[in-house]
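Peer 1: I have a structure I would like to understand better, so I am pasting it below and will then ask my questions one at a time.
The values are calculated or read from the model by the stated rules, or taken from the named source; none is laboratory data. The structure displayed is predicted, hence computed values, not measured ones. Every residue, glycine as well, gets a Cβ built from its backbone with ideal geometry; the counts of neighbours run over all protein chains shown. Keep in mind that these areas ignore ligands, DNA and RNA; they rest on the heavy atoms of the full protein, side chains included. Shrake-Rupley method; radii C 1.70, N 1.55, O 1.52, S 1.80 Å.
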Amino acid sequence: MTPGLFFVDQLPAGDVILLDGAEGRHAALVRRIGTGETVLVGDGRGALAECVVDAAGPDSLTLRVTGRRTVPHPDPRIVVAQALPKGERAELAVELLTEVGVDEIVPWAAARAIVQWTGERGVKARAKWQRAAAEAAKQSRRAWVPRVAELARTADLTARAATLLVLHETATEPLSAVRLPSTGEIVLVVGPEGGVSDDELAALTAAGGRAVRLGDPVLRTSTAGAAAVAALSVRLGRW
């Protein structure tokens, strides 16, 4: 079985790591990891340390580093501009996107989105998305935790220097056939349950974006992005 992964703010130098705090408590109390077991410790930015547990306390682990490596960031990057889903589907979207390999998640204030991020509510919601991404990265053993960007408007998406692909059920060009760049970033735009508005689609395509479709089934906003990232991952050789 693949060793469990735990994140720290800064991966320390040296041959010994004390895993304490929330991650140490989770490892010792919840996961019940004991002496002699192997774990991974990462900083969420590509650096990983392979470790063996030398001692297990009630809420911490003393780890002996047996190896270090750095996982390069994928290129091109896959970015998903995710229209704000409602309720638990927001966290589901973030979790699925992270597990299938997204590199950045951009919360998008789409015109037809029911949920709105304003003031303190938006700050808390973004932090919740970032926590969900970190937990999903640990579960899927990802060395890179996807960044959750600040809330974006449609104009922010059109200003990005990227290959812009808009998932749209009326599009005729399949995602499987669109030409992909060899470097830079690919931005997938995922609309809300009510769909991407005509004005939004016009603005995105005027900026060089292309409307693409996944297939005949119309997916929910919380799953469409993950399906698209999975399809791109095969084409980009990640899978």
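Peer 1: Please work out which one of (1) more than 12 Å from the chain's Cα centre (by Cα); (2) open to solvent by 40 Å² or more (accessible area, probe 1.4 Å); (3) under 25 Å from residue 160 (Cβ atoms) is the condition residue 109 fails and give its number.
Peer 2: The number of the failed condition is (2).
Peer 1: If you don't mind, another one. Kindly check whether there is at least one residue in segment 201-217 that is open to solvent by 40 Å² or more (accessible area, probe 1.4 Å), at pLDDT below 95 and within 21 Å of the chain's Cα centre (by Cα).
Peer 2: Scanning segment 201-217, I find at least one residue that is open to solvent by 40 Å² or more (accessible area, probe 1.4 Å), at pLDDT below 95 and within 21 Å of the chain's Cα centre (by Cα), so the answer is yes.
Peer 1: Look through segment 218-238, keep the residues that are free of Cβ contacts under 8 Å to residues at least 24 places away in the same chain and part of a loop (DSSP other than H, G, I, E, B), and return whichever of them is surrounded by the fewest Cβ atoms within 10 Å (Cβ to Cβ).
Peer 2: Ranking the qualifying residues of segment 218-238, first place goes to 237.
Peer 1: Does segment 142-151 include one or more residues that are more than 29 Å from residue 5 (Cα to Cα) and of a type in the set (Gly, Ala, Ser)?
Peer 2: Scanning segment 142-151 turns up no residue that is more than 29 Å from residue 5 (Cα to Cα) and of a type in the set (Gly, Ala, Ser).
Peer 1: Which pairs have Cβ atoms under 6 Å, sit 6 or more apart or on different chains, and link a residue in segment 107-129 that is over 20 Å from residue 194 (Cα atoms) to one that is aromatic (Phe, Trp, Tyr) and outside any helix (DSSP H, G or I)?
Peer 2: From segment 107-129, the pairs are 125/117.
Peer 1: Just checking, does segment 46-61 include any residue being of a type in the set (Ser, Thr, Tyr), under 30 Å from residue 163 (Cβ atoms) and touching a Gly at 6+ places or on another chain (Cβ under 7 Å)?
Peer 2: Within segment 46-61, none of the residues are of a type in the set (Ser, Thr, Tyr), under 30 Å from residue 163 (Cβ atoms) and touching a Gly at 6+ places or on another chain (Cβ under 7 Å).
Peer 1: Do you know which of the residues in segment 140-159 that are open to solvent by 70 Å² or more (accessible area, probe 1.4 Å), part of a loop (DSSP other than H, G, I, E, B) and among the basic types (Lys, Arg) is nearest to residue 81 (Cα to Cα)?
Peer 2: Across segment 140-159, the extreme among qualifying residues is 153.
Peer 1: Please work out if residue 150 is among the charged types (D, E, K, R), closer than 23 Å to residue 217 by Cβ and under 23 Å from the mean Cα position of the chain (by Cα).
Peer 2: In short, no.
Peer 1: Given the condition open to solvent by less than 40 Å² (accessible area, probe 1.4 Å), of a type in the set (S, T, N, Q) and without any contact (Cβ under 8 Å) to a residue 60 or more places away in the chain, answer yes or no: does some residue in segment 30-40 qualify?
Peer 2: no
Peer 1: Please go through (1) open to solvent by 30 Å² or more (accessible area, probe 1.4 Å); (2) outside any loop (DSSP other than H, G, I, E, B); (3) touching a strand residue (DSSP E or B) at 6+ places or on another chain (Cβ under 9 Å); (4) not hydroxyl-bearing (Ser, Thr, Tyr) for residue 133 and return the number of the only condition it doesn't satisfy.
Peer 2: (1)
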